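**Student:** A single structure is presented below for examination.
A short reminder: the numbers here are calculations on the coordinates, not readings from a lab. Given the structure is predicted, the values throughout are model-derived calculations rather than measurements. In this analysis, Cβ positions are derived from the backbone assuming ideal geometry, glycine residues included, and neighbour counts consider all displayed protein chains.
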Amino acid sequence: MDEDVVWDKARGELRILGQRHTAVDMQGFCEHLDLIVGPKIAEVVMNQHGLRQGKEDAANARQKNPNATLPELVDAFVNAVALSGVGVMRIVVRDGSSSPIDLEISNPCVKQMTGSARSFLFSYWCGVFSTILGKEFKIDDVSYDEKANLMKCRILPR
């Protein structure tokens, strides 16, 4: 197992990128959060959490390995996120921080294109790229292909 993801059975701990995580039914959590506060507010709450977490993880990764290239950092995050159970990530980063970033998740753990599920899947990446590339990003063009079980979005600079 990669050092960025550690399962300590004796302590009952799952650590991803140095932080403790738990296994949660995100589909159920997102549906419940959307029902409690409404999908728009739930999306904002989840967006703020994802942005902050992505920024912190990227800053920690950069601090641990200041010479890491953009592809190396992205690969480390893709692997850690996949091991967390979100789905299988594919990210296309073009040259320059003003270019859109294409993100695909096959077999995503949540499948809604709105509400907290949308923010859960993609806001983290806005935070990661904001820290790594030094500018803010936003989610755009979210789509879900049910037949392929593939969630897609573009991450655009603000």
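**Student:** Using the crude model of +1 on Lys and Arg Cβ and -1 on Asp and Glu Cβ, and no other charge, please compute the dipole size for segment 59-158 relative to its Cα centre, in debye to 20. Intermediate results must be reported in sequence, preceding the final value.
**Tutor:** Details: 12 positive and 10 negative charges, 41 e Å.
Value, rounded to 20: 200 debye.
**Student:** Would you calculate, for the chain, the mean residue ellipticity at 222 nm contributed by helices, counting each DSSP H stretch of 4 or more residues as -39,500 (n - 2.57) and dividing by all residues, to the nearest 500? Can you show the working numbers first?
**Tutor:** On the way: 4 runs with 71 residues, N = 158.
Rounded to the nearest 500, it is -15000 deg cm²/dmol.
**Student:** Counting only C-alpha contacts under 8 Å and six or more residues apart, can you give the relative contact order of segment 5-157 as a whole percent?
**Tutor:** 26 percent
**Student:** Here is a further query. If R0 is 30 Å, what FRET efficiency do you get for ARG52 and LEU83 from their C-beta distance, rounded to 0.05? Provide the component values of the computation, followed by the final result.
**Tutor:** On the way: r = 21 Å, r/R0 = 0.70.
It comes to 0.90.
**Student:** ASN60 to ASP95: FRET efficiency via 1/(1 + (r/R0)^6), r the Cβ-Cβ distance, R0 30 Å, to the nearest 0.05?
**Tutor:** On the way: r = 25 Å, r/R0 = 0.85.
E between ASN60 and ASP95, to the nearest 0.05, is 0.75.
**Student:** So how far apart, in nm, are the two label points at MET113 and GLN19 if each is 7 Å from Cα heading toward Cβ?
**Tutor:** 2.9 nm
**Student:** Take the residue pairs LYS55/LYS147; LYS9/LYS147; LYS40/LYS147; LYS111/LYS135; LYS55/LYS152; LYS40/LYS135 and return only those whose Cα atoms are more than 30 Å apart. Intermediate values should be presented prior to the final figure.
**Tutor:** Values: LYS55/LYS147 33 Å; LYS9/LYS147 37 Å; LYS40/LYS147 27 Å; LYS111/LYS135 28 Å; LYS55/LYS152 21 Å; LYS40/LYS135 25 Å.
Among LYS55/LYS147; LYS9/LYS147; LYS40/LYS147; LYS111/LYS135; LYS55/LYS152; LYS40/LYS135, the Cα-Cα distance tops 30 Å for LYS55/LYS147; LYS9/LYS147.
**Student:** Take PHE29 and ILE41, extend 7 Å from each Cα along the Cα→Cβ direction, and tell me the distance between the two endpoints in nm.
**Tutor:** Those two pseudo-labels are separated by 2.0 nm.
**Student:** In addition: Only residues of segment 72-100 count here: report those whose backbone N is under 11 Å from the spot 7 Å along Cα→Cβ of ASP140, or say none.
**Tutor:** Under cut-off, by backbone N: 99-100.
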